[in-house]
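Quick notes on the structure that follows.
The values are calculated or read from the model by the stated rules, or taken from the named source; none is laboratory data. Values in this document were obtained by computation on a predicted structure and should not be read as measured data. Neighbour counts run over all protein chains shown; Cβ positions are idealised from the backbone, glycine included. These accessible areas exclude ligands, DNA and RNA; they are computed on the full protein's heavy atoms, side chains included. Shrake-Rupley method; radii C 1.70, N 1.55, O 1.52, S 1.80 Å.
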Amino acid sequence: AAKLLTREELGAWRGLLRVHARLTRALDAELASEHGLPLSSYEVLLFLADAPGGQMRMAELADGVLLSRSGLTRLVDRMERDGLLRRERGADDARGFLATITPKGRALFARARRTHLDGVRERFLSQLSPEEQRTLAELWERVAPGAAS
């Protein structure tokens, strides 16, 4: 028979899942209502905006965002239609596609970033002291090295 989780184990595990789900839903709803931009699209724009030249290989983008490759392809198709990014074959590698943020994508990202960061601070960070934030980041690193960096 499976060994059930203790109350402490269950609280730690379920807490992580529930807090993540609740925060993600709230942040997604806020971005969608204020900017017409779902959280998943915001995340793609974030990676591209921070990348050298505003571009990344699709494969790298798929590793960065929390989406399946097919989910990312559909999302990028939509974002390309909306003029937020463009996709082109990589010059050095005919197999790989590059996604590049457009000026329209940068402008929308800049507006949405303020909303997103305010939401993260208000809904999550304000509930924790700086010391608790450091401890939480250290714990995430222990569970999944690189997670907090």
Any chance region 10-21 includes a residue that's in contact with a Leu (Cβ under 8 Å, 6 or more places away or on another chain), more than 26 Å from VAL143 (Cα to Cα) and modelled with pLDDT of 95 or more?
no
Name the residue that is most open to solvent (accessible area, probe 1.4 Å), counting only residues in region 61-79 that are under 15 Å from LEU98 (Cβ atoms) and in contact (Cβ under 8 Å) with a residue 12 or more places away in the chain.
THR73
Kindly check whether there is at least one residue in region 114-128 that is modelled with pLDDT of 95 or more and among the small types (Gly, Ala, Ser).
yes
Restricting attention to region 71-92, the residues that are outside any loop (DSSP other than H, G, I, E, B) and within 22 Å of GLY36 (Cα to Cα) number exactly 14
Scan region 40-70 for residues that are among the charged types (D, E, K, R) and either part of a helix (DSSP H, G or I) or within 13 Å of the chain's Cα centre (by Cα) (or both) and jot them down.
GLU43, ASP50, GLU60, ASP63, ARG69
Total residues in region 94-134, condition open to solvent by less than 60 Å² (accessible area, probe 1.4 Å) and either among the hydroxyl-bearing types (Ser, Thr, Tyr) or not in a helix (DSSP H, G or I) (or both):
9
From the set of residues in region 1-58 that are polar (S, T, N, Q) and farther than 21 Å from LEU125 by Cβ, which is surrounded by the most Cβ atoms within 10 Å (Cβ to Cβ)?
SER41
